[in-house]
Each structure stands twice: as structure tokens, then as C-alpha cells.
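Have a look at the structure below, then the notes.
The values are calculated or read from the model by the stated rules, or taken from the named source; none is laboratory data. Predicted model, so just to flag it, every value in this text is computed and none were measured. With ideal geometry, Cβ positions are generated from the backbone for all residues, glycine too; neighbour counts draw on all protein chains shown. With ligands, DNA and RNA removed, areas are computed over all heavy atoms of the protein, side chains included. Shrake-Rupley method; radii C 1.70, N 1.55, O 1.52, S 1.80 Å.
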Amino acid sequence: MKRLGVDVGGTFTDLIYVDDVAGTVLVHKLPTTPADPSQGTIAGIRELTETAGTDPGALDQVFHGTTIATNIVIEHNGATVGMITTEGYRDILHIARHKKPFNFSNYQDLPWQRYPLVRRRHRLTVPERMTKEGTALVPLDEERAREQVLRLRDAGVDAVAVCFLFSFLNPEHERRVAEIVREEFPEAFLSVSSEVLPQYREYERFSTVCLNAYVGPRVASYVGRLQSELTALGVRTGLHLMTSASGVATPEAAVARPVNLLMSGPVAGVVGGIWAGKQAGYDNVITLDVGGTSADIGLAQEGRLRMKHLLDTKVGPYQAMIPMVDVDTIGAGGGSIAYVDEGGIFRVGPRSAGAEPGPACYDKGGIEPTATDAMVNLGWLPAGDFLGGGMALRADLARTAFEDGPANALGMTVEEASMGAVQILTHSMVQSIEENSVRKGFDPRDFALVAEGGAGPLFAAEIALEVGTPYVLVPPYPGVTAAMGLLATDMVYEYVTTTYQRLSALDAPALQRSFEELEEQARVQLEEDGVPADRILIQRIAECRYLGQGYELRVDAEPGMIDSDWAARLRSDFDDIHEREYSRRFEDADVEIPNVRVRGIGLMPPLETPEVDHGGRASDDALRREGEAWFRVDGQLRQVATRYYDRAALRAGNRIEGPAIVLQYDSTTVVPPGISAHVDRFGNILIEVGASSEARALAETAEVGR
């Protein structure tokens, strides 16, 4: 099977090609084309298949991770959306949860009001009302609904969101209004809450459905254009797009619910990191995916993805109540700009030079100093070896950028300012890792740090020294691990409905029907996608909380008939999960089940990578040259003798002693002084941070501090 994964980032588009039969793995990187990301995607597919000596038409699978939906939300350049809602509830989107970002500040923006998903003049109401039991209290005024649809059409909106109260219990009124929209305004993108998110919590539901409408037209246009270009290229297989829930969806499913593509790109990096960790024998991993614009941090214990609580799944300032892998994104990457602010503080990021104009050393017109320029100045990124020598860097421009910028402003040498920029970014990533591990009850010393992205392996060893992870795992192709994650995932759809059940008075037949209806939806969708029956896996999830609580936890529920034994096992599992999350369990309290979910999984063929040739401990055959680079040694910044290795020439069993820099096409790995590394049988570089004298000294200092 020939598979290809494409991950479009803010600076580079990463591609990986895997031929399972021939055992071939090829990677490719090229600058992202911000004006139309599909251009870079198509160019990359054409170039990579040509390198592989095959035709695009021979590809069996094409997977795609994209940030297009996320960028639309962050940049506030989505569609003009109209909304039709229940009379009297026009301003739910404006009021939100009546919370301010800063509790005690009288002078602050409320971003969901400053940048509304739907302007007030386009939020229209109709007489109708469902009760909390799902019965019609006020019948739908169809004539008024038709008038409002025509008003939105005449106002020139691009998309229409239909959100009524309690439609998750009875969608009859929403369905009728949707029919009217299709009759009177067929060209509009339509987002209906009972189809997109049939779940309680009005504000979060309204926000999610309007987000779906906000990103819908541009996402539909992008996906359609990409499909057409793939067809013109000769690609016969269907396109699969990564979703925020860690699965992939068909173009038709992605266009119907584009809100599920939010955070598509970062999630692929976490999935790829988990796959790389399992392959190397590490089930507990912290993933660090550092690209040109941002750093994405995720955590997986025992190889399992952590999902965000549905009230924490924000994108920008907007609530998006969709299943989303717990991944934290911060503005720290190779393109992060270093500057001195008005108060004289040295800062790096979150503003990035991006793909255009890029860092100063790219010689594309950029003049501001970036993290990439800093690493060129320190000798970590040799000017002639970037992208395997395919892109020459201007070391003189990198030096000038820092000389005229932070170095001059702070009275430092260029090397001191460059190391300062690296340390500031390192600290930002350390803080994020601690927030996602220590503050959530996980000890980083029990995890391996998987370094991904073009810049991840440059920072990883220094970060591991700070957070205490004993090993850094650098996969064979770290710069395209997110693209590899696309090939390692399955097709996943998740369906939800609100149930309002209590275990003390469980209506087992009703709960059984709810699960079975969702299971049928999942099964039908996977069959439409062409997944054979023996590759379909159905999982049940119950969202549980103690009586009186306002937030739920996800609990895996057993398949089969629901009875008292089933309820007892669910109760026990929920108590355990609650205790692990909050250090408390309340076995005397009743348990509520507000929502149930079903995950429909189409199992993809497992991704296998070949083992590398075995060599001895000596790595001399991979030594490209010896030179000098700048590192902190015994607290002092020094220029020290450094060995530069060719990653492609390393063999299983080879050992590397720091300071060393390992060069390859898609990334660069730094092994600091006093730290050792070795290559495992799959070609992963394992940096042994926990065994270094510096790590032991830091641990002893921490013990003294405690």
C-alpha cells in the first residue's frame, strides 16, 4: 500500500510517503503558500511522488492535516453569518456566560463581542418554543420563518445557522426551518444545531453551530478546490482530513461539519508522537511539536490520548463544544521574533515571521531577528545544511538582525542575545509542559519527551533538563512526525445526544435506545465511507457527574445490554476517574448521565516502518565534520568543539557524546555538552538526559529546595 500524508503548517508544508510493500519512507518539506495552501500541497505531492519514482495515481491513501479552519477563527476573516433562533433569545451569543477574561478589570475587550460570529443585525428570531420535555409549547410560525430567511438572503449573508431552544430533544422546528432555507436560499451554507451538536447548554451549542457556519464556506471551497486539483493530478483515491478528535473524515463529512477540523494540525502531531513512542517502547510520552510559528504540547499516559473537557474546548475566544484532543498551543517556534519591548524587557514571540518573509537568514526580505537566526548565530543550524542543503541560509543576515536588534538594545554580544532568545523560548515551552503535566497530576519523570517538528529536536534536550524527563526521543523523521501521525490514525466519527439519566432511577431501555440510535448513525457513516464491516469498531461513552455538579467526565461504557451490573461497573469506573482527576470520590452521591456518546472507528491498516541496519557503538562513519558551536557550560556561554553528524548514516547501536549536532533533511537535533545519545533499532535517537551529570545536579538542587 502506498500512503501519503500532508501536514500544512504556518511556515512549512510537510509531506511523508510510505510504501508498505517496498519498505520505502520518503519525506519532503516546502514553504507553505499562505494565500492558497492547496498550491503548496499539490506541488509537494507532485514533487514527492516524482522522487519516489511513482505516479500520483498509484497512491492508495492521501491524508491531510490543515489549520485552515483554525486560522479563519484566529484571523477573524470567516463568512458573514446569519442566525435564526427562538424569539427572545437573540442575544445569547453576545451575553455568553457573563464572564469576563479578567475578573477585576473595568477596561478590557470581550473578544466574542468585539469580533462577533454573527452581527446583531443578522441575528433574527421567529415565534416557536419547545419545552424541556421536548413538546411544542409555541408552534413554529412558518410564514415568519420564511420572511426572516429572505431578509438574510437580501442582506447578503454567506451562511445561515439555525439554533432553537431544546432542539436536541425535538428537532422538528429546526428541520422545517432548514427546509425553508434550502427552498428560498439554496446557495447559503447551512448549519443546523440538531445536526451539528444535539446537546444541551444553549450558549456553547449556539457558539459551536455558528462557528460551523463561520468557517463553513471557506473550508468547503478549500476542500473542493483541493479535491479538484488532486483529481487533475491523477490521484484516484479519496482524500481524508484530520479532525480535532484524532480521527480522519472524508471530504463530504468535513464539509458538512467543518467545525470538527478546528485544531486538525496540532492533533496530528500528538498522534504521531504517541505512535513513535510506542514503537520505541515508551507508552508514557509528552509530545513537543515545534514548527516555524508555534509549539504544540500534548501528553499521553499508557498510549492513550487525553481529551479536553467540552467546556474547555475554545478556539480563540469562541466556545467550540466538540471532541478535541488535549493539546496546548503557544506562540513559540523557529520564526518567533526576538525584540526588546518599550519597558526594556527581552521578549521572543508570539509574533512570527512565518513563511513570508520568514527569518532574516532566509534572505526573503525579513529583517527582524528570529529564533532560527539565533540558532544560526550559535552554530546549531549550519548555513549550508538547511533542508539537506536545498536551501542556503545567510549567516551574515542572521548576525546583522541580532546585532541591530536585541544585542545593541541590551548591550550584549550577538551570541549572548542569541542564546538569550533560545532560553526565553525554552522557558515558555517548559512552562507549558508543566501546566500540562505537573499541574494535572502527572510526573514528567515518568514520561519520555518526543521531539517533533523542524525545531523540536533543537530545543528538546534543554527542555528535558528543566522538566526532568529522563529521555528525549527523536523519531527518524522528526520534522514530518505530524504528517506521519496522519498515516497512523483511524477514521473516527463521534456522535452525541442528551439523555438526563440518573443511576438511582435508571431507565435502561431508554438509555439503550439512545446508544443504539447513535451506533446506527456511526455505522451508516462508516459504511458510506467504504469501511468494510470487519474494520468497524463502535465505542460507547457516558458523560457522568455527581448529582449537583455542573461538569461531566467521560467514562468508557461497555457494549451490550444495559442492566444493573452494567450500571454498577459504570459507577465504579466513574468513581475511579473522578478520584484520579480531582483526588476525591463520593460513593454515597448519586450519579447523573447528562449525555451519551458513540465513537465510530474505521480501522486503518497499521503503519509499519522498517528497522535500520545495525552498527557498533562507534558513530565515526556518520561524522560529517568537526566545528565549533556555542553552549552554556558550567553556567558560562562558551564556544566549544562540536561534532556534526549525518542522520542518514547513523546505525542502530551507535552512540553520540555531546556536544553534538545531528543534521538531516527535515530537522536538526542538538545534543548538549555532558549528555549522551544512542540510536535504537528503528532509527530513533534517544537522548539520555536523566543520566547526565547536569540532570543529576538539577535533581539534587530540586531536592535541596524541597
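Projected onto planes of every orientation and averaged, the convex hull of the alpha-carbon atoms in segment 383-525 covers 15.3 nm². Here the peptides 580-590, 275-285, 506-516 are ranked by packing, the mean other Cβ count within 10 Å, and the order with the highest first is 275-285, 506-516, 580-590.
If only the Cβ of Lys and Arg carry +1 and only the Cβ of Asp and Glu carry -1, the dipole of segment 121-200 around its Cα centre is close to 280 debye.
Which of rounded, prolate or oblate describes segment 368-435 when judged by the alpha-carbon gyration tensor and an a/c cut-off of 1.5? Oblate is the answer for segment 368-435, as a/c is 1.5 or above yet b/c matches or exceeds a/b.
Dividing the convex hull volume of the alpha carbon atoms of segment 1-75 by its residue count gives 77 Å³ per residue. Using 0.36 nm per residue and subtracting the Cα-Cα separation, the extra length available between Glu183 and Asp341 on full extension is 51.3 nm. Could you work out what % of the accessible surface of the chain is carbon and sulfur, using a 1.4 angstrom probe and leaving DNA, RNA and ligands out of the count? Here carbon and sulfur together make up 48 percent of the probe-accessible area. Compared with the alpha-carbon gap, the fully stretched path from His614 to Arg114 is longer by 174.0 nm at 0.36 nm per residue. Membrane-span-like helices in the chain (whole DSSP H runs, Cα extent of at least 24 Å along the helix axis, mean Kyte-Doolittle hydropathy of at least -0.5): 202-233, 264-280, 414-436. Between the amide H of Arg119 and those of Val81, distances stay under 5 Å, these residues lying 5 or more places away or on another chain, with hydrogens modeled in the peptide plane.
The slack in the chain from Asp507 to His98, taken as 0.36 nm per residue of separation less the alpha-carbon distance, amounts to 143.7 nm.
At an R0 of 51 angstrom, the distance between the Cβ atoms of His309 and Gln39 translates into a FRET efficiency of 0.85. Which of the GluC sites (Glu not before Pro) found in segment 72-148 are in a DSSP loop and have at most 16 neighbouring Cβ atoms, other than their own, within 10 Å? Hits after loop and neighbour filter: Glu87, Glu133.
Run through all the Cα pairs of segment 91-145 and give the fraction in each 5 Å bin from 0, expressed as whole percent. Reading the bins upward from 0: 4, 15, 17, 14, 16, 13, 9, 7, 4, 0. Normalised by the number of residues in segment 448-492, the average gap of Cα pairs under 8 Å and 6 or more apart makes the relative contact order 47 percent.
Site pair Lys278 and Met1 shows an inter-label distance of 1.4 nm when each label is modelled 7 Å from Cα along Cα→Cβ. Take the Cβ atoms of Asp634 and Asp446, set R0 to 30 Å, and the FRET efficiency comes out at 0.55. Given the -39500 (n - 2.57) contribution per DSSP H run of 4+ residues, what per-residue ellipticity at 222 nm results for the chain, rounded to the nearest 500 deg cm²/dmol? Here the helix-only value at 222 nm equals -10000 deg cm²/dmol.
When peptides 434-443, 519-528, 8-17, 188-197 are sorted by average Cβ neighbour count within 10 Å, with the highest value leading, the order is 8-17, 188-197, 519-528, 434-443. May I ask you to list the chymotrypsin sites (Phe, Trp or Tyr not before Pro) in segment 321-393 that are in a DSSP loop and have at most 14 other Cβ atoms within 10 Å of their Cβ? Of the chymotrypsin sites (Phe, Trp or Tyr not before Pro), not one in the loops of segment 321-393 has a Cβ with at most 14 other Cβ atoms within 10 Å. Taking every protein chain into account, the accessible area of the chain amounts to 41 square angstrom per residue (probe 1.4 Å). Placing +1 on each Lys and Arg Cβ and -1 on each Asp and Glu Cβ, with no other charges, gives segment 164-277 a dipole about its Cα centre of roughly 340 debye. A Cβ-based charge dipole, computed about the Cα centre of the chain with Lys and Arg at +1 and Asp and Glu at -1, lands at about 1100 debye. Taking a point 7 Å out from the Cα of Ala58 in the direction of its Cβ, the residues of segment 228-268 whose backbone N falls within less than 20 Å of it are 230-239. Backbone N atoms of segment 505-543 closer than 15 Å to the 7 Å Cα→Cβ label point of Asp590 belong to residues 505-508. Along the positive direction of the dipole of segment 500-585 (beta-carbon charges: Lys, Arg +1; Asp, Glu -1; about the Cα centre), which of Tyr551, Leu570, Phe515 reaches farthest? Looking along the dipole axis, the top candidate is Tyr551. Across the chain, C-alpha contacts under 8 Å between residues 6 or more apart give a mean separation that, scaled by the residue count, equals a relative contact order of 12 percent. Think of segment 349-436 as having a plus end and a minus end, set by charges on the Cβ of Lys, Arg, Asp and Glu; of Met429, Ala409, Gly365, Gly365 sits farthest toward the positive end of this dipole.
Ordering Gly156, Leu288, Thr49 by the projection of their Cα atoms onto the charge dipole of the chain, which places +1 on the Cβ of Lys and Arg and -1 on the Cβ of Asp and Glu, puts Gly156 at the extreme positive end. Between Asp646 and Leu537, the simple label model (points 7 Å from Cα in the Cβ direction) yields a spacing of 4.1 nm.
Using all pairs of distinct alpha-carbon atoms, the Kirkwood hydrodynamic radius of segment 502-573 works out to 13.8 angstrom. Only one of [x] 26.9; [y] 25.6; [z] 28.5 was calculated from the structure for Kirkwood radius over Cα pairs in Å, and its label is [x].
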